[in-house]
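**Q** Provided herewith is a single structure, encoded as structure tokens, for subsequent inquiry.
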Amino acid sequence: MKNLQNYKIKNKKIIFRADLNVPVIDGKITDLSRIIAIKKSVQKLIDNKNKIFIFTHFGRPNGKVDKKNSTKFICLALEKVLDVNRVSFLNNLKSESIIKKIEELNYGEVCLVENLRFYPGEENLDLNFSKEICNHFDVYVNDAFSASHRNHASISGFPKYLPAVAGDLFINEINNINS
């Protein structure tokens, strides 16, 4: 299986699928473990001067934009855990917005993408949705083991259009199952 140990990824535009559906009480993240769990993989991609776009879901907005399920609030926690100056935010998946954000981002920087579940194409495994997004990227890294049982665009669709690589968290989970 291609993974971050055996597949060289340098100076690329990365879709990094994570499960950052973090627990929140009164607008505050109560457990950072899902963010901490992806740190090793993201750090490798930063060190290799990639542009990393973290795709995740939060809550169940049923394919509609719902501000209370926005992922934007996770940016500050990502900055602290990843120990980076800034995590950019991409507030929609329109082609022109993706292109603009890719141009703005420097290699070695991170951008969090708005909630995938705001788009009906995500949970419906819309391959056109997958392809349109993937057209802007070079590699797909899956570190969302906990979401990988879902037949969603970001899990099953993206690997149809990009080289797919397992992140370190994903590999650790497989190793735990096999031990």
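**Q** Taking interchain pairs and intrachain pairs at least six residues apart, which have beta carbon atoms under 6 angstrom, with the first residue in segment 140-166 and under 17 Å from residue 35 (Cα atoms) and touching a residue at least 40 places away in the same chain (Cβ under 8 Å) and the second aliphatic (A, V, I, L, M) and open to solvent by 50 Å² or more (accessible area, probe 1.4 Å)?
**A** Once the first residue is under 17 Å from residue 35 (Cα atoms) and touching a residue at least 40 places away in the same chain (Cβ under 8 Å) and sits in segment 140-166, its partners that are aliphatic (A, V, I, L, M) and open to solvent by 50 Å² or more (accessible area, probe 1.4 Å) give 166/1.
**Q** Sticking with this structure for a sec: Before we move on, is residue 15 closer than 20 Å to residue 155 by Cβ, of a type in the set (Val, Ile, Thr) and within 17 Å of the chain's Cα centre (by Cα)?
**A** Details: closer than 20 Å to residue 155 by Cβ: yes; of a type in the set (Val, Ile, Thr): yes; within 17 Å of the chain's Cα centre (by Cα): yes.
When the stated conditions are applied, residue 15 passes them.
**Q** OK, next. Select from segment 25-75 the residues that are outside any helix (DSSP H, G or I), closer than 21 Å to residue 150 by Cβ and open to solvent by 40 Å² or more (accessible area, probe 1.4 Å) and write down the one among them that is modelled with the lowest pLDDT.
**A** Of all residues in segment 25-75, those outside any helix (DSSP H, G or I) come to 25-32, 48-66, 70-73.
Restricting the remaining residues to those that are closer than 21 Å to residue 150 by Cβ gives 53-66, 70-71.
Keeping just the survivors that are open to solvent by 40 Å² or more (accessible area, probe 1.4 Å) gives 60, 62, 64-66.
Numbers: 60: 90, 62: 87, 64: 91, 65: 92, 66: 91.
Ranking the qualifying residues of segment 25-75, first place goes to 62.
**Q** A further question follows. Quick check on my filter: what residues within segment 81-117 are among the β-branched types (Val, Ile, Thr) and either farther than 25 Å from residue 41 by Cα or open to solvent by 30 Å² or more (accessible area, probe 1.4 Å) (or both)?
**A** 84, 99
**Q** Ok, one more. Condition (residue is touching a residue at least 12 places away in the same chain (Cβ under 8 Å), closer than 25 Å to residue 33 by Cβ and of a type outside the set (S, T, N, Q)) applied to segment 88-97: is it met by at least one residue? Steps first, answer last, please.
**A** As a first pass, look at segment 88-97 and keep what is touching a residue at least 12 places away in the same chain (Cβ under 8 Å): 88-93, 95.
With closer than 25 Å to residue 33 by Cβ added as a condition, the list becomes 88-90.
Then keep just the ones that are of a type outside the set (S, T, N, Q); that gives 89-90.
There is at least one residue in segment 88-97 that is touching a residue at least 12 places away in the same chain (Cβ under 8 Å), closer than 25 Å to residue 33 by Cβ and of a type outside the set (S, T, N, Q).
**Q** Go through segment 118-158 and give me each residue that's open to solvent by 50 Å² or more (accessible area, probe 1.4 Å), closer than 20 Å to residue 9 by Cα and out of contact with any helix residue (DSSP H, G or I) (no Cβ under 8 Å at 6 or more places or on another chain).
**A** 138
**Q** Considering only segment 5-24, state which residues are open to solvent by 10 Å² or more (accessible area, probe 1.4 Å) and either assigned to a loop (DSSP other than H, G, I, E, B) or in contact with a strand residue (DSSP E or B) (Cβ under 8 Å, 6 or more places away or on another chain) (or both).
**A** As a first pass, look at segment 5-24 and keep what is open to solvent by 10 Å² or more (accessible area, probe 1.4 Å): 5-8, 10-13, 19, 21, 23-24.
Within segment 5-24, 5, 6, 7, 8, 10, 11, 12, 13, 19, 21, 23 qualify.
The values are calculated or read from the model by the stated rules, or taken from the named source; none is laboratory data. Note that the coordinates shown come from a computational prediction; the quantities given were computed from them, not determined experimentally. Ideal geometry is used to build each Cβ from the backbone, glycine not excepted, and the neighbour counts take in all protein chains shown. Accessible surface areas use protein heavy atoms only, side chains included; no ligands, DNA or RNA. Shrake-Rupley method; radii C 1.70, N 1.55, O 1.52, S 1.80 Å.
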